[in-house]
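Reviewing the structure listed below.
Please treat every number below as a calculation from the coordinates, not as lab data. Here the structure is a predicted model, which means the values were calculated and not measured. Neighbour counts run over all protein chains shown; Cβ positions are idealised from the backbone, glycine included.
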Amino acid sequence: MFVFNEKYVSKKEGYYYSCPWIEHGLVFFEYKLAMCCNSGHENGGNTIVRNNYTGQRINWERIFKVKDTYRKFHKKGKINVNCINCPYLTEEKWEGEKYINNLYISHWTQCNSKCIYCYSAQNPNEFISDKTYNVFNTIREMYEKNILRPGGLISFGGGEPTLLNEFEDLINYFLDNYFWGIRVHTSGIKYSPALARAINEIRGYVVVSVDSGSRETFKKIKQVDAYDKVRDTIRKYALQTNYLGRFLISAKFIIIPGINDTIEEIENWMKANYDAGLYTTVIDIEENWYLKNRGNVPPHIFKLIEYARKRSKQLHTNFELYERVQNLINDKVAEKKNKLLK
Ligand code: SF4
Ligand code: SF4
């Protein structure tokens, strides 16, 4: 549904509001094809381009017609309601060509971990299915027809990507055909030679959420006893790459208040990353807790983030905060400013 919104009327000749996903994006979900996977803003994203999709041949003319309809409405300031307030919606001189270069592959839910914060844990009955469809032939067809082009983002959702029977073939196919910007979140329980290649060729970015500095905490969060295995996988990826590649592997820490929110846990996690040869430190916060507590965050959470920042500086690692944590910090800064102004 499209609604007129004054704020999205462009005054510049040839410009309109759109995003890299409307223009050139496609998402493979379990039962549908979507325009994007962004649902972090009010109204939600997840705009469907085809329902009941389970691997059938895609009618590309139809997909590009949907994208053209978006462009047509957006040029008049009539915006898809799911896109309103999305941070990716920007005013630019979009060239409007018909091709895909942003792919999000997320059509399965099987995993070898059982993270307590996983969306599948919130709704286990919906995510017990081990059914999935294949995407390799579709992707090859897209590339051969020049529908899929390098230059955007290739990312995986899921489920655990390394469990997909096509995973190694997909990553190798992208690498063989000169794609870059391949981003994979993995549990780290299974080692992937193709991912090691992607890191080593500086074309893949791998994120493993370890979320703990000890076997016990790991088990509490992941509900599987695989801390040593995950640490081994990370070490292996780091050992097989060069200086630059080591920036492309992150052992992320999602702060889960009440479970891993201690200095000791953060310190042990950072030490283990450093010993493994990683050069990137990434902090996030558990989504459900964040949504409930955003306006009322206890001071020790900020102290933990600050501690990680200081240690990262001492260890000379690249320090990254995921969007939720950055929002908490921005809220705090805004609150302080407001107090000073009063
Ligand atoms: S504007 Fe945002 S919600 Fe809309 S398609 Fe783009 S990324 Fe998705
Ligand atoms: S590794 Fe990812 S998909 Fe698997 S249980 Fe954890 S959050 Fe869910």
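Looking only at residues that are more than 19 Å from residue 230 (Cα to Cα) and more than 17 Å from the chain's Cα centre (by Cα) in the range 174-199, which one is farthest from ligand 1 (Cβ to nearest atom)? Applying the filter and picking the extreme gives 176. Taking the listed residues 94, 108, the one that is within 16 Å of ligand 2 (Cβ to nearest atom) and within 26 Å of residue 58 (Cα to Cα) is 108, with no other qualifying.
Table: residues versus (1) out of contact with any strand residue (DSSP E or B) (no Cβ under 8 Å at 6 or more places or on another chain); (2) under 16 Å from residue 160 (Cα atoms).
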{"position": "191", "(1), (2)": "yes, yes"}
{"position": "199", "(1), (2)": "no, no"}
{"position": "217", "(1), (2)": "yes, no"}
{"position": "223", "(1), (2)": "yes, yes"}
{"position": "238", "(1), (2)": "no, no"}
{"position": "254", "(1), (2)": "no, no"}
{"position": "268", "(1), (2)": "yes, no"}
{"position": "282", "(1), (2)": "no, no"}
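Checked against the criteria, residue 37 counts as within 16 Å of ligand 2 (Cβ to nearest atom), closer than 23 Å to residue 151 by Cβ and touching a Phe, Trp or Tyr at 6+ places or on another chain (Cβ under 8 Å). Within the set 111, 37, the sole residue that is away from ligand 1 (no atom under 13 Å from the Cβ) and within 27 Å of residue 288 (Cα to Cα) turns out to be 111.
Residue check: residue 62 meets all listed conditions (1) assigned to a helix (DSSP H, G or I); (2) within 15 Å of ligand 1 (Cβ to nearest atom); (3) not β-branched (Val, Ile, Thr) but one, namely (2). Given (1) more than 30 Å from residue 108 (Cα to Cα); (2) within 11 Å of ligand 1 (Cβ to nearest atom), where does residue 76 come up short, assuming only one miss? The one condition residue 76 does not meet is (2). Got a sec? Which of 88, 99 is of a type in the set (Phe, Trp, Tyr), in contact (Cβ under 8 Å) with a residue 12 or more places away in the chain and away from ligand 1 (no atom under 15 Å from the Cβ)? The unique qualifying residue is 99. Taking the range 2-28 as the range and being aromatic (Phe, Trp, Tyr), away from ligand 1 (no atom under 15 Å from the Cβ) and within 13 Å of residue 84 (Cβ to Cβ) as the test, only 4 passes. Of the residues making up the range 20-33, those that are among the aliphatic types (A, V, I, L, M) and either surrounded by fewer than 15 Cβ atoms within 10 Å (Cβ to Cβ) or within 20 Å of residue 110 (Cα to Cα) (or both) are 27, 33. The residue that is nearest to ligand 1 (Cβ to nearest atom), among those in the range 149-173 that are in contact with a Leu (Cβ under 9 Å, 6 or more places away or on another chain) and among the hydrophobic types (A, V, I, L, M, F, W, C), is 153. Scanning the range 271-322 for residues that are surrounded by fewer than 19 Cβ atoms within 10 Å (Cβ to Cβ), of a type in the set (Ser, Thr, Tyr) and part of a loop (DSSP other than H, G, I, E, B) turns up just one, 322.
Among the residues of the range 91-116, just one is touching a His at 6+ places or on another chain (Cβ under 7 Å), part of a loop (DSSP other than H, G, I, E, B) and of a type outside the set (S, T, N, Q), namely 99. With a requirement of 3 or more residues that are surrounded by fewer than 22 Cβ atoms within 10 Å (Cβ to Cβ), more than 16 Å from ligand 2 (Cβ to nearest atom) and charged (D, E, K, R), the helices (runs of 4 or more DSSP H) lying completely within the range 169-265 that satisfy it span 227-239.
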